[in-house]
Structures are given as structure tokens and as C-alpha cells.
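> The structure under discussion is supplied below as C-alpha cells; questions concerning it will follow.
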Amino acid sequence: MINIFNIQIHPRVLIFSVIAILSSQVVYSASENKFPNHPIRIITTDPGGAADIAARLIAPTLSASLGQPVYIDNRSGGGSITAIETVINSAPDGHTLLLYGSPVWLMQLMKSNLPWDPIRDLSPVSLVITQPNVLVVNPSLSVKNVQELINFAKLKPGELNYSSGSVGASNHLAAELFNSMAKTKIERIPYKGGGAALLGLLSNQTQLMFGTAASVKPQIETGKLRALAVTSNKPSILFPDLPTVASSGLPGYEALTLYALFAPAKTPKNVINIINQEVVKALNRSDVKEKLLKSGNEATPTSPEGLAKIIDDDIVRWGKIIHEANIKVD
């Protein structure tokens, strides 16, 4: 008998115990190697949208590295909740992923009886892209900078309206953050989507908009809209000549459009790490960065823990604005 810490262990039992431990490690290693063992699906937004573009740019690198096809499953229009639920209800094995924007984690603040909890039901993989919003005005409005806009709004309350797409979209939240910090009451004019909201501004139905970089850049370049500032806290590589809202009269102002990658909750940590590693690799490629910039987006990969921290901070920050502005999704 062998005595270990005064416990009597028969040599044969010890041998079989060591074999069992080593075997379990081999099995565990083999199970790791089983990912992926069939095609990977990335569920995302409308074709041509920022998230769709990002998904299609990272997919080839993922496929080449992981040895499985990676295909994009677009969910258009009001299909976001269905898309999120599809991922949540998928097997937690890394083969079904979600690439979506901040409504994934902010929807719970705007909609009662949401059938899922983003913290409980999804595993963060990586932040993928960000883009600042751009404060733009119709050229018929005389203001040339942020401070002039604030002064105008305060001197003539009720005369200014802003275009907004769906409830809780980035152009909606950015405008309400502006109202809160500037103590203005610029009224929201809702449209069915960001494209319709932009047309409302171009046709002078509204006077201003916090448009996504990708949507308003062509209109700025052709002079159809006047850009006042970007909503990032630092000057953006997308609009190097524009000041920030924060440096133009509202210190601390920041409003970004974020898109992130998720897996179902309970996806093994090693699988999350494998996907994260490949996504970071893809987003750090110079050709991918360049294509994203041309589409109005910046590659901003993070660790899973980094994305979790961003989400926690975002919920606290935007929760205050959503409550103040009484923003609700039916």
C-alpha cells in the first residue's frame, strides 16, 4: 500500500486513477478539437448594413482559420428580436453567432416583458466595429457650430426638430443625450427607419439629425448637409476635420454606434476564446480595416471581458437617458 497524506491507496488504484486523469485530459483536448465540426452561422442585420458588412469581412478569415464554411444569415426590418432569440435558443457550441448593435443590451431598458436577458442569455465574444454619429443640419439652418445650435434652440424653443429612425436607435439616443446635457427641447420626428429619417432632413421636414457616419458622409461631401461635429469623445479618423460635440460646448458628451459579436450563454470558454482570437485577427488585417473605414466604420476588437465591461457601462449610462426621455418600445 502507498500512504499519501495518511490515506491508504492500493498501487493498482493509484495507477488507474492516474490513467483516468490523463484520459480525461485527452478527452477534453479532443473535445476542444471538435470545434468547429460543421458550418458556422452569423446572424446579423439587413444586407448592406454596417453589421452585415463587418460580418462578411470577417467571415473569410474565420472560415480559412477554422476550416469550416461561415455563412451570413440576414434578418431584415423588425426581425431583430427574433434573430436574438434564435441565437439564444441555439446549441451553445459556437456554431451560431449574433452580430448586432446596442439594442441587444439596451432593449431591456425600453421594452417591458422582454423574453430574454442579454446578460443571462448571451456570451460576449468581441466588440467588432464602432462608428460615431455625426451632428448634421439642413443647410437652410443658419447655425455653423454646436454652440450656435444650442443658442438657437434655447432662444426659439419648439422651432427645431430632429429626424430619428426606430425607437432607441443610435440617432434617437444621441439626440436625447444632447437635449439632456444642453438643456434644450429639440423635438423628435420619428420615421420608419434611418433612411427615411435622412430623407426627412434632406427635404427640410426636420432641421437636424445625429446620423450614422456611413449614412451621412455622402450627403456631407456633396454639400446637401452641413456637418457640425462628431459624437465620439475624440476626433474621428472618419471625419478628421470635424470637432467633437464634447469639445464644442458639451464636455463629456459621447454617443457611438456599437456592433458586437455574441454566442449563446453557456458556450464553453475555450470555444469563445477561439472565436475571439480569429475575429481579432480578422479585424486587425489592414485590408479589412481599410474596407471598414470606406464603409464608415472603425474596427474595434476587444476581449470577451472587454466587451462585457463596455456593455455594463453602456447600460448604466444610457439607462439614465432612456428613463429621463421616457423612451419605450411597444
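> Out of the range 55-79, which residues are within 28 Å of Val216 (Cβ to Cβ), in contact with a helix residue (DSSP H, G or I) (Cβ under 7 Å, 6 or more places away or on another chain) and buried (at least 21 other Cβ atoms within 10 Å of the Cβ)?
Matches in the range 55-79: Leu57, Ile58.
> Right, another one. Quick one: would you say Phe178 is crowded, with 22+ Cβ neighbours inside 10 Å and modelled with pLDDT of 95 or more?
Spelling it out, Phe178 is indeed crowded, with 22+ Cβ neighbours inside 10 Å and modelled with pLDDT of 95 or more.
> Now for a separate question. I want to confirm something. Restricting to the range 255-276 and keeping residues that are in contact (Cβ under 8 Å) with a residue 60 or more places away in the chain and polar (S, T, N, Q), which single residue is surrounded by the most Cβ atoms within 10 Å (Cβ to Cβ)?
Looking at the filtered set, the residue picked out is Thr257.
> Are there any pairs with C-beta distances below 8 angstrom linking a residue in the range 101-128 that is touching a residue at least 24 places away in the same chain (Cβ under 8 Å) and among the acidic types (Asp, Glu) to a residue that is buried (at least 20 other Cβ atoms within 10 Å of the Cβ) and part of a helix (DSSP H, G or I), with the two at least 6 apart or on different chains, and if so which?
Asp121/Ile88
Residues are listed down the side, and each one gets a yes or a no for (1) closer than 30 Å to Lys281 by Cβ; (2) not charged (D, E, K, R):
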{"site": "Trp105", "(1), (2)": "yes, yes"}
{"site": "Ser112", "(1), (2)": "no, yes"}
{"site": "Val125", "(1), (2)": "yes, yes"}
{"site": "Lys144", "(1), (2)": "no, no"}
{"site": "Leu155", "(1), (2)": "no, yes"}
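> Another one. Look through Val288, Val316, Val279, Val329 and report the one residue that is buried (at least 20 other Cβ atoms within 10 Å of the Cβ) and β-branched (Val, Ile, Thr).
Just one listed residue meets the conditions, Val279.
> Follow-up question, since we're still on this one. Output the number of residues of the range 225-254 satisfying the condition of being surrounded by 23 or more Cβ atoms within 10 Å (Cβ to Cβ), in contact with a helix residue (DSSP H, G or I) (Cβ under 7 Å, 6 or more places away or on another chain) and closer than 19 Å to Leu292 by Cα.
Residues that pass the stated criteria total 1.
> In this structure, is Lys309 in a helix (DSSP H, G or I), closer than 27 Å to Asp117 by Cα and among the charged types (D, E, K, R)?
yes
> I've got another one for you. Might you let me know whether the range 282-290 holds any residue that is closer than 24 Å to Asn37 by Cα and not hydroxyl-bearing (Ser, Thr, Tyr)?
yes
> Please verify whether Leu160 is touching a residue at least 60 places away in the same chain (Cβ under 8 Å), out of contact with any Pro (no Cβ under 9 Å at 6 or more places or on another chain) and not acidic (Asp, Glu), treating the condition exactly as stated.
So Leu160 does not fit the description; no.
> Hey, another quick one. Looking at the range 296-306, which of its residues are surrounded by 18 or more Cβ atoms within 10 Å (Cβ to Cβ) and in a loop (DSSP other than H, G, I, E, B)?
Answer for the range 296-306, where residues must be surrounded by 18 or more Cβ atoms within 10 Å (Cβ to Cβ) and in a loop (DSSP other than H, G, I, E, B): Gly296, Asn297, Thr300, Pro301, Thr302.
> For the range 81-96: of the residues being under 14 Å from Leu114 (Cα atoms) and touching a helix residue (DSSP H, G or I) at 6+ places or on another chain (Cβ under 8 Å), which is surrounded by the fewest Cβ atoms within 10 Å (Cβ to Cβ)?
If we take residues in the range 81-96 being under 14 Å from Leu114 (Cα atoms) and touching a helix residue (DSSP H, G or I) at 6+ places or on another chain (Cβ under 8 Å), then Ile81 is surrounded by the fewest Cβ atoms within 10 Å (Cβ to Cβ).
> Being in a loop (DSSP other than H, G, I, E, B), over 17 Å from Leu177 (Cβ atoms) and out of contact with any Pro (no Cβ under 9 Å at 6 or more places or on another chain), is that true of even one residue in the range 278-286?
yes
> Sticking with this structure for a sec: Specify which of the listed residues (Thr96, Thr130) is among the hydroxyl-bearing types (Ser, Thr, Tyr) and under 17 Å from the mean Cα position of the chain (by Cα).
The unique qualifying residue is Thr130.
The values are calculated or read from the model by the stated rules, or taken from the named source; none is laboratory data. Remember, predicted model here, so these are calculated numbers, not experimental data. Positions of Cβ are backbone-derived with ideal geometry, glycine not excepted, and every protein chain shown enters the neighbour counts.
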